[in-house]
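First the structure, in the form of structure tokens, and then the observations on it.
Read the figures in this text as sums done on the coordinates, not as results from a lab. Bear in mind that the values here come from a model prediction, so they are computed numbers and not experimental data. Cβ coordinates were reconstructed from backbone atoms using ideal geometry, including for glycine residues, and neighbour counts include every protein chain displayed.
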Amino acid sequence: MSGKLSGNGVTSTCNRITYKVHSWRLRSYPKEQWRRRRGEGEEEGSIQLLKSRGQHLLTNPRVLESIVRTSRIKPEDTVLEIGPGTGNLTLKLLEVAKKVVAVEIDKRMVEILCKRTAEGGLRDRLNVICSDALKTDFPQFDLVVANIPYGISSRLLAKLVFGTKLNPFRSATLLLQKEFARRLLAKPGDSEFNRLSVNVKLLAEVEFIMDVSKNDFLPRPKVDSSVVKVYPKNVIPDVNLEEWWAFTRTCFNKKNKTLGATFKAKEEVSGVNEVVKGTWAL
Ligand SMILES: C[S@@+](CC[C@H](N)C(=O)[O-])C[C@H]1O[C@@H](n2cnc3c(N)ncnc32)[C@H](O)[C@@H]1O
């Protein structure tokens with residue numbers, strides 16, 4: 001891999017394992033090498049990218065701009081960004097939003113993000129929360145726009161759509177693993193249709209925006225990606241969500257059984273009766 005990227009804060013050439021972003025060197029090591037280096041102090045101005053944190057930075061300015069454009073951010077909006085990394089997307093968001101709330105688990109990334117936004121005179125409109133997005137209560141926001149770590153996609157999406165009662169938001173524009181995005185978009189009868197599709201569809205509509213090439217990231221991931229936009233529904237069905245989760249788990253656990261056969265089993269029927277009564281017909 002080689003090349004000079006410009007126009008989005010990525011300022012230097014890259015080779016197989018070392019990238020320089022802004023004034024920072026970003027390194028991606030093969031597993032064994034990285035394990036050996038874990039715990040060692042980092043050189044000043046350098047940072048090692050962690051596979052375990054899904055640290056694949058989106059570097060194509062055209063893709064970054066498309067994501068921001070399709071998010072339809074208004075000048076008065078507060079945008080929630082999960083996993084801002086070194087701030088490639090954050091800087092673009094700050095060009096159009098009133099405020100960005102960025103939740104980032106890696107304090108080394110936070111340091112770079114703060115430095116870059118301060119240099120751009122944008123720091124006062126950025127609220128950085130250095131924490132695990134799955135464990136943090138989000139402040140009020142209007143929209144979500146994020147290139148999220150793929151390892152937390154399911155749990156994060158559930159947190160967002162199941163939390164809409166507390167924190168209503170217009171939409172979430174998310175860069176996801178392509179396969180995961182296909183499942184969100186799947187319809188009954190499609191091979192990708194699964195429990196996740198059903199659970200998300202209960203509370204939200206999902207729109208396909210675009211596919212994103214592996215080459216648009218540093219380091220290049222193994223999987224393809226897609227951008228989708230999730231719109232929480234205005235009217236939320238009156239259903240106990242925990243019971244609904246249990247119900248759909250039962251439905252999708254027995255892959256080779258029809259629903260009729262699954263629910264003929266006595267113990268299953270007693271477990272779901274309450275859930276479907278008055279709300280959902282089988
Ligand atoms: C795919 S990178 C995206 C970076 C940046 N948004 C971009 O597009 O270049 C994911 C980012 O999420 C962060 N991250 C990973 N797990 C997280 C978690 N549980 N909570 C918050 N941030 C997390 C990583 O440290 C990384 O910076």
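Values computed for the structure shown
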read-out	value
Considering only the stretch 143-229, percent of DSSP beta bridges that pair antiparallel, nearest 5	65
Spacing of the two label points (7 Å from each Cα toward its C-beta) at ASN240 and CYS114, in nm	4.5
Whole-Å semi-axes of the ellipsoid equivalent to the stretch 99-250 (Cα gyration tensor, √5λ, descending)	29, 20, 13
Filter on LYS107/LYS178; LYS107/LYS222; LYS98/LYS222 - keep pairs with C-alpha separation over 32 Å	LYS98/LYS222
Residues in the stretch 65-86 that a label on ARG123 would reach, taking backbone N under 17 Å of a point 7 Å out along Cα→Cβ	86
Cα centroid separation, the stretch 227-245 to the stretch 44-65 (Å)	31
Karplus 3J(HN,Hα) series, Hz, for the stretch 67-77 with 6.51 cos²θ - 1.76 cosθ + 1.60 (x for Gly, Pro)	4, 5, 5, 6, 6, 6, 7, 9, x, 8, 7
